[in-house]
């Protein structure tokens with residue numbers, strides 16, 4: 001737990017990140033936006049998977065993104081993380097346009113994601129899954145020392161595993177974890193890259209009720225230090241977590257607002273009733 | 001399906017080093033006890049094992065199958081030939097240096113293009129590049145000697161400025177053994193290093209490795225270069241042992257054999273490729289006495305049976321122990 005606190009406090013701007021994620025920038029009364037998309041569009045041939053999506057996410061917020069299947073939620077994440085190059089539009093992260101940068105560069109700008117379909121290193125241990133992610137920021141080209149000689153990397157990996165509730169499972173093969181544990185490992189891998197913005201793609205998919213509760217608690221805990229975008233089909237989860245919700249439909253922003261506003265919005269009700 | 005393997009297979013480092021020492025002593029003693037033919041055979045196994053181990057960096061640790069190792073091996077041979085034919089007096093260490101530069105350079109060149117492709121496309125492109133090198137070497141007779149290759153005399157075993165002596169089969173064996181042991185320990189350390197863990201992460205899940213911030217192509221290029229350097233070293237040793245460099249060794253069939261050594265011995269173990277090389281060469285030696293030029297038929301049948309019944313190779317069962 002000692003390392004855990006140390007790691008947190010080493011991050012710049014905590015816990016004041018809510019107000020001032022960009023050190024040295026004068027604080028305004030409204031929270032600064034950490035992420036802003038302007039006219040983000042992705043076309044696959046004639047089909048617009050995303051059409052002119054503009055949204056602003058203040059630093060420190062948990063933003064829910066919902067919408068029917070095929071609304072463009074995963075496409076939106078793929079653009080943010082560099083897997084897809086947007087056809088047009090800008091993605092301003094921390095004051096810098098990151099649209100079209102490759103995934104490894106975006107990761108280094110401190111955006112991390114977890115995947116809808118579990119995406120881990122199945123043949124490696126749980127610790128190694130997280131250690132390799134921590135290592136991506138330190139000593140990653142070192143060739144002549146054993147990887148276990150770098151205690152700093154291992155310590156931060158263990159701290160992350162404690163955070164996501166996998167302490168004690170370090171030496172298990174990732175493939176042997178239960179589904180719920182693998183989903184949390186997925187979040188752990190993302191956290192280990194020390195992100196400022198974390199994109200969670202259906203983090204509770206396929207989880208039992210108890211596991212879902214634990215994961216919601218986990219997300220609340222880590223949200224103290226991060227800005228989080230969360231795509232989720234479980235309405236209870238997303239309404240409970242998010243301060244603001246953006247609804248996508250056919251690649252366009254249908255509505256934007258607090259959970260209460262979204263639930264009361266007739267257009268949103270129409271979309272969800274139709275599908 | 002609840003069978004979880006024991007949480008921690010406690011890597012018994014002691015057992016590993018005992019095995020390492022025993023095999024080392026046997027290999028050191030080999031030239032003292034074996035008749036000349038088998039003595040030479042043991043040296044050859046070490047050279048081919050080194051080539052196969054270099055390929056294991058890619059096949060076993062990075063998840064890339066290279067069919068281009070004949071080119072790196074061959075360029076090591078021709079690099080050594082260049083040093084031995086152009087510089088007087090011929091120097092052993094200059095031959096090693098030239099061979100490494102030629103093979104490493106070729107590896108970076110091939111990797112720069114081939115690493116843009118994945119899986120079978122990577123394998124095919126390395127094969128194409130190695131065949132390009134083959135055609136150049138085969139046809140550029142004025143420089144490479146074309147079909148006949150190049151012959152030269154063996155350099156002396158020397159510690160520059162201090163001591164030198166002619167190679168005997170025994171001292172050559174020990175020289176090769178020394179190079180192989182140093183290479184093995186170096187590659188083993190590299191595969192355990194942070195860099196090596198990135199390679200294994202690429203093997204396990206390339207998109208994920210990219211997503212956590214690794215420039216995957218760069219790691220692959222460096223992996224191919226390292227692999228090419230050790231393949232080139234094997235080529236240098238083979239050239240010095242046989243006092244020639246020939247285009248046959250650049251031909252892709254050699255690359256195929258290298259992959260077979262890996263599959264037979266156990267990929268991702270580094271020592272498996274040596275076992276695979278030894279097994280294959282012994283098999284060929286034994287069977288060719290009965291089947292003459294048709295020896296490949298029984299070899300092929302045995303290989304097929306091994307892939308079916310021992311898919312992880314002879315030493316594959318040690319894989320987790322060998323990668324602590």
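Values quoted throughout were computed directly from the atomic coordinates according to the rules given, and no laboratory measurement underlies them. Worth saying up front: this structure is predicted, and the values here are computed from it rather than measured. Heads up, the Cβs are rebuilt from the backbone with ideal geometry, glycines too, and the neighbour counts pull from every protein chain shown.
Please report the spacing between the Cα centers of the stretch B:236-309 and the stretch B:113-184 in Å, no decimals. Going from one Cα centre to the other spans 17 Å. Within 10 Å of each residue's Cβ, count the other Cβ atoms and sort B:152, A:77, B:317 from fewest upward. If I rank by nearby Cβ atoms, fewest first, I get B:317, B:152, A:77.
FRET efficiency for the pair residue A:141 and residue A:209, taken as 1/(1 + (r/R0)^6) with r the Cβ-Cβ distance and R0 = 35 Å, rounds to 0.20.
For a paramagnetic label modelled on residue B:242 (point 7 Å from Cα along Cα→Cβ), amide N atoms under 17 Å away belong, within the stretch B:46-67, to B:46-52.
If you take the square roots of the eigenvalues of the alpha-carbon gyration tensor of the stretch B:240-324 and sort them as a ≥ b ≥ c, do you get rounded (a/c under 1.5), prolate (a/b over b/c) or oblate? Taking the square roots of the gyration eigenvalues as a ≥ b ≥ c, the stretch B:240-324 is oblate.
Which of A:169, A:36, A:73 moves most in a GNM of chain A, Cα contacts under 10 Å? It is A:169. Build a GNM of chain B with springs between Cα atoms under 10 Å: which of B:305, B:162, B:75 gets the top mean-square fluctuation? Checking each option, the largest mean-square fluctuation is seen for B:162.
A crude spin-label estimate for the pair residue B:87 and residue A:44, with each label 7 Å from Cα along the Cβ direction, gives 5.8 nm. Cβ-to-Cβ counts within 10 Å put B:16, B:294 in ascending order as B:294, B:16, the fewest first.
Dividing the helix sum by the residues of the protein assembly as shown, where each DSSP H run of 4 or more adds -39500 (n - 2.57), gives a mean residue ellipticity at 222 nm of -17500 deg cm²/dmol.
Axis of helix A:126-135 versus longest Cα principal axis of chain A: the two differ by about 80°, to the nearest ten degrees. Protection proxy ranking for A:48-57, A:104-113, using the average of other Cβ atoms within 10 Å per residue and placing the highest first: A:104-113, A:48-57.
Compared with the rule-of-thumb size 2.2 N^0.38 Å for a compact globular protein, the stretch A:123-194 has a Cα radius of gyration ratio of 1.04. Modelled spin labels at residue A:87 and residue B:13, positioned 7 Å past Cα toward Cβ, are 5.8 nm from each other. Shown is the FRET efficiency for residue B:37 and residue A:162, computed with R0 = 56 Å from the Cβ-Cβ distance and rounded to the nearest 0.05: 0.35.
Taken residue by residue and averaged, Cβ atoms of other chains lying within 10 Å of the Cβ of A:117-127 number 3.
Among rounded, prolate and oblate, which fits the protein assembly as shown when a ≥ b ≥ c are the square roots of the eigenvalues of its C-alpha gyration tensor, a/c under 1.5 means rounded, and a/b larger than b/c means prolate? It is prolate, given that a/c is not under 1.5 and a/b is the larger ratio.
Each of A:199, A:79 was scored by other Cβ atoms within 10 Å of its Cβ. Arranged with the fewest first, they read A:199, A:79. For chain A, the longest principal axis of the C-alpha atoms and the axis of helix A:151-163 are separated by about 50°.
Using a simple spin-label model with pseudo-atoms 7 Å out from Cα toward Cβ, residue A:152 and residue B:284 lie 4.9 nm apart.
Here the Gaussian network model covers chain A, with springs between Cα atoms less than 10 Å apart; of A:143, A:235, A:207, A:143 fluctuates the most. Relative to the longest principal axis of chain A, what angle (0 to 90°, nearest 10) does the C-alpha long axis of helix A:209-222 take? Result, in degrees: 80.
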